[in-house]
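Everything below concerns the one structure shown next.
What follows is calculated from the coordinates using simple rules that are stated; it is not laboratory data. In this text, all values refer to a predicted model and were calculated from it rather than measured experimentally. Quick reminder, even Gly has a Cβ in these numbers, built from the backbone with ideal geometry, and neighbours come from all protein chains shown.
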Amino acid sequence: MADTENKHLASQEKLLLDYMRRLEEQKDEHMAVHLHLSALKPYNRRDHHIRAAENSFENLIKSLHGQLFMTKNSDMFFFFKAAAQAQTETVVQKVRFLFGDDPLLENEDADENRFSTWYNIAHQFEELLHL
């Protein structure tokens with residue numbers, strides 16, 4: 001089972017890279033957010049926690065406003081149309097709330113955000129591509 005899951009995540013990373021290459025032509029229309037779930041404590045990275053975080057993006061994905069990718073280390077990348085930024089911010093806040101008891105979030109200063117990194121793909125495409 002774990003081997004199958006690792007292969008799935010490896011293919012997710014390949015799909016992410018392929019998606020980004022295709023997105024290069026439309027980068028002015030898209031943004032991205034990287035959720036640093038790998039920085040959470042292990043007790044917050046259990047499968048059911050990760051699934052709950054993934055499911056939070058379901059409505060945006062179904063309405064064709066974005067695409068979600070998981071990496072092997074449990075980080076998430078969500079690419080979305082710029083017009084859906086407000087909805088995406090709301091979803092990220094909900095996911096953040098799921099992990100509100102984690103030291104990563106408890107010890108965060110008001111002006112720092114260690115949970116997520118936001119990208120304007122038009123200006124930060126190369127930076128995002130090299131993560």
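Neighbour counting of Cβ atoms within 10 Å sorts the residues THR117, THR90, fewest neighbours leading, into THR90, THR117. As a rough footprinting exposure proxy, the listed residues ASP75, ASP102 were ranked by other beta carbons within 10 Å of their own, and the order from fewest upward is ASP75, ASP102.
Annotation: Cα Rg of the stretch 1-106 relative to the compact-globule expectation 2.2 N^0.38 Å equals 1.08.
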